[in-house]
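The values are calculated or read from the model by the stated rules, or taken from the named source; none is laboratory data. Predicted, not measured: the structure shown is a model, and the values here were computed from it. Using ideal geometry, Cβ is built from the backbone for each residue, glycine included, and neighbour counts are taken over all protein chains shown. Just the protein is used for accessible areas: all its heavy atoms, side chains included, with ligands, DNA and RNA removed. Shrake-Rupley method; radii C 1.70, N 1.55, O 1.52, S 1.80 Å.
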Amino acid sequence: MAGAAAATAFITHGECLRHDMGAYHPECPARLAAIDDALIAGRIADFIAHYEAPLAAEEHLLRVHPRPYVEAIRAAAPARGIVHLDPDTAMCPATLAAALRAAGAGVLATDLVVAGKHASAFCSVRPPGHHATRTRAMGFCIFNNVAVAAKHALEHHGLERVAIVDFDVHHGNGTEEIFADDARVLMVSTFQHPFYPYSGTEDPAANMVNVPLAAGTGSAGFREAVEKAWLPALAAFAPQMVFFSAGFDAHVEDDMAMLRFADADYAWVTGQVKRVADRSGQGRIVSMLEGGYALGALGRSVVQHLKALGGL
Ligand SMILES: [Zn+2]
C-alpha cells in the first residue's frame, strides 16, 4: 500500500491475471496488464493507493448467490484444462481464486470507502460480474462482484440507499435480477440494444432506469441519456454511496459492440456521477471493472475514469 493520502484506492491481485479462458478469448489476462501500463503512461500510478484484493468469504458470496450455486462453482473448478460454464464462460485451474479475488476486491473497496480511508476505490479485477445472476454464470461472469459489494454496504455497513451505475455496452442482467424491486437500490444503466444479453427493455422494475441505445450511438446520445434519465433519478434517490459497473466496451475502438463512446465520455460520466455522490453520499464511490476488450482504449478509458474519481 502506498499513498495513504490518495483519494482513490486501486485494488487488484496477481491471481486475477491467471484466469485464462483460452488463447483467443477476448476476456483475457492482457486486459489488466493494459490497465497497469496505462496508469504509468497516464502518470497517475503515484496518485492512487494500491491494495491486493482479498478472497471473498463465503458470507459475502451468500448475500447474493445461494449456497448450492457457490458450491457448484467450487466443484466445477478443474484441476487441469478448461471447463465451460456457458458457451462464453469457462474455468481454468486458476479461475476460482480469480473469481474470489474479484468479489473480495469489492468487499475491501467498500470497507475502505465506508471507513473514509479513501473517497473512492477502483477494482481492476477479472472475471467481471454484471451478467452473473443469482444462480447462473454467463457472459464471462461467475460471481456478481458489484452486487457482492453493494450488499456488503447495505447489510454489513447498514447503509439504506445505494446506487449502481452501469455504463458497460451490455445490459447488466444479473445485477438487475438480483436487485429488481429492492427499494434500497437504484440501478441506472445504458446499453446497446438489441444486443447480448437481450434483456433490460421488457417492463423493468421501478428501481431500474434502463436506457437502451441503438447501434452507432456516440458521445452525444450517451450524454443525453445520462442527463435526461440518470441524473434526475439519481438526484431524487440521493444515494448514500455509489457503485459503478465500469465496462469500457462501448468505446468506439472496441469491436465487441457498436456504440461509439470516446475516452472523454468516461471522464465526463464519472464526473457527473461523482457530483451525485458528493451531494448525498459523502463522495463515496466504489467502481468494479466489467468489460472493455480493445486494450489501448481500455487502458486510456480507465485512466480517464480514475482521474475523474480522484479529481486529478
Ligand atoms: Zn460488456
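Some notes on this structure:
- The count of lysine pairs in the chain with alpha-carbon distances below 21 Å, taking only pairs 8 or more places apart or on different chains, stands at 6.
- For the Cα trace of the chain, dividing Rg by the Kirkwood Rh returns an Rg/Rh value of 0.93.
- Phe243 long-range amide H proximity, modeled H, under 5 Å: Ala163, Ile164, Val165, Val286
- Karplus-derived 3J(HN,Hα) values for region 121-127, using 6.51 cos²θ - 1.76 cosθ + 1.60 with θ = phi - 60°, are 8, 10, 9, 8, 9, 8, x Hz; glycine and proline are entered as x.
- In this structure His193 has an accessible area near 60 Å², from a 1.4 Å probe over the protein heavy atoms.
- Calculated over region 50-91: convex hull of Cα atoms, volume per residue (Å³): 128
- Ranked by the mean number of other Cβ atoms within 10 Å of their residues, highest first, the peptides 36-45, 145-154, 265-274, 233-242 fall in the order 145-154, 265-274, 233-242, 36-45.
- Taking only the alpha carbons of region 125-229, we obtain Rg and Dmax values of 13.6, 41 Å in that order.
- At least 20 Å along the helix axis (C-alpha) and Kyte average at least 0.0, DSSP helices within the chain: 95-114, 295-310
- A P(r) calculated from all alpha carbon pairs of region 41-128, with 10 Å bins opening at zero, reads 15, 40, 28, 15, 1 percent.
- Karplus 3J(HN,Hα) series, Hz, for region 195-209 with 6.51 cos²θ - 1.76 cosθ + 1.60 (x for Gly, Pro): 5, 3, x, 6, 10, x, 10, 9, 6, x, 5, 5, 8, 10, 10
- Here the scattering of region 16-172 is modelled by Debye summation over its C-alpha atoms, one equal scatterer each and no solvent; at q = 0.11 Å⁻¹ the log10 of I(q)/I(0) is -0.44.
- Counting only protein chain heavy atoms and rolling a 1.4 Å probe, the accessible areas of Asp168, Asp255, Asp182 rank, largest first, as Asp255, Asp182, Asp168.
- Three-way shape label, region 107-177, alpha-carbon gyration tensor, a/c 1.5: prolate
- Residue-normalised convex hull volume from the C-alpha trace of region 168-312: 94 Å³ per residue.
- This model, with +1 at the C-beta of Lys and Arg and -1 at the C-beta of Asp and Glu, gives region 146-230 a dipole about its Cα centre of some 240 debye.
- When the alpha carbon coordinates of region 135-174 are projected onto the principal axes, the ranges are 31, 21, 11 Å, largest first.
- The H on the amide N of Asn207, modeled in the peptide plane, is under 5 Å from the matching H of Asp181, each at least 5 residues off or on a different chain.
- Percent of beta bridges antiparallel (DSSP, the chain, rounded to nearest 5): 10
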